[in-house]
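What follows draws every value from the coordinates through simple rules; no lab data is involved. On a predicted model such as this, the values are computed, not experimentally measured, just so you know. Every residue, glycine among them, receives a Cβ derived from its backbone with ideal geometry; neighbour counts consider all protein chains shown.
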Amino acid sequence: MEANTSTNQVLNCAMVYGTSMGVFWILKFLLVPFIFTVPFTSLFFLGLTAAVPFLGYFFARQYRNRYCVDARVGFMQAWVFCLLMYAFAALLVSVGHYVFFRYVDGGALVTSYMNVLDELQATAPEMEGMVTQYRQAAELVAAYSPIELTVQLILNNLFYGMLLSLPTAFIVSLKQDVRGDMNK
């Protein structure tokens with residue numbers, strides 16, 4: 001870690017901002033059951049998903065501006081902060097995933113997806129090969145237990161968080177707070 005911020009402070013800030021990101025992901029995940037029945041929901045869900053890197057940048061910038069000396073942060077410190085923030089968010093949203101798949105869903109999500117595939121196959125028979133592949137993937141997901149689905153989603157969120165952390169940390173470490181003197 002850099003000398004301007006302690007390791008405990010990076011960890012504490014990552015927990016706070018990761019909790020906020022995790023709550024955002026849980027609220028976003030609440031839209032998933034309606035994706036196949038309400039068309040606007042899928043667009044809204046995709047929009048919120050596209051907003052995740054911008055929210056991550058916003059949180060990293062807030063961390064830099066509030067907790068780093070002279071609103072400056074090194075790449076490694078910003079990267080560790082971002083990694084931890086996404087890791088804490090992934091852990092929090094995993095609770096929501098588990099509760100949903102264990103107690104709420106009961107296979108309804110995969111059934112809805114299969115119904116969409118049936119409709120697609122009926123309206124576009126030329127897409128039969130693609131529909132067959134998607135059906136096989138859905139059957140594989142249906143075979144997972146709630147805990148297996150949750151673990152898979154945690155791993156996915158951690159992987160995407162690692163990918164998003166690199167450019168976010170790079171950008172945050174380059175830019176300076178607008179309140180600071182740009183000529184230093």
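Things to note:
- Evaluating LEU109 against the criteria (1) touching a residue at least 60 places away in the same chain (Cβ under 8 Å); (2) more than 26 Å from PHE59 (Cα to Cα); (3) more than 21 Å from the chain's Cα centre (by Cα) leaves one unmet condition, (3).
- Qualifying position, being touching a helix residue (DSSP H, G or I) at 6+ places or on another chain (Cβ under 9 Å), closer than 21 Å to ALA50 by Cα and part of a helix (DSSP H, G or I), among THR132, THR111, THR168, THR150: THR168
- Residues of the stretch 105-126 satisfying the condition of being surrounded by 14 or more Cβ atoms within 10 Å (Cβ to Cβ) and not β-branched (Val, Ile, Thr): ASP105, LEU109, SER112, TYR113, MET114, LEU117, LEU120, GLN121
- Residue in the stretch 172-180 that is surrounded by 12 or more Cβ atoms within 10 Å (Cβ to Cβ) and either of a type in the set (Gly, Ala, Ser) or under 21 Å from LYS28 (Cα atoms) (or both) present: yes
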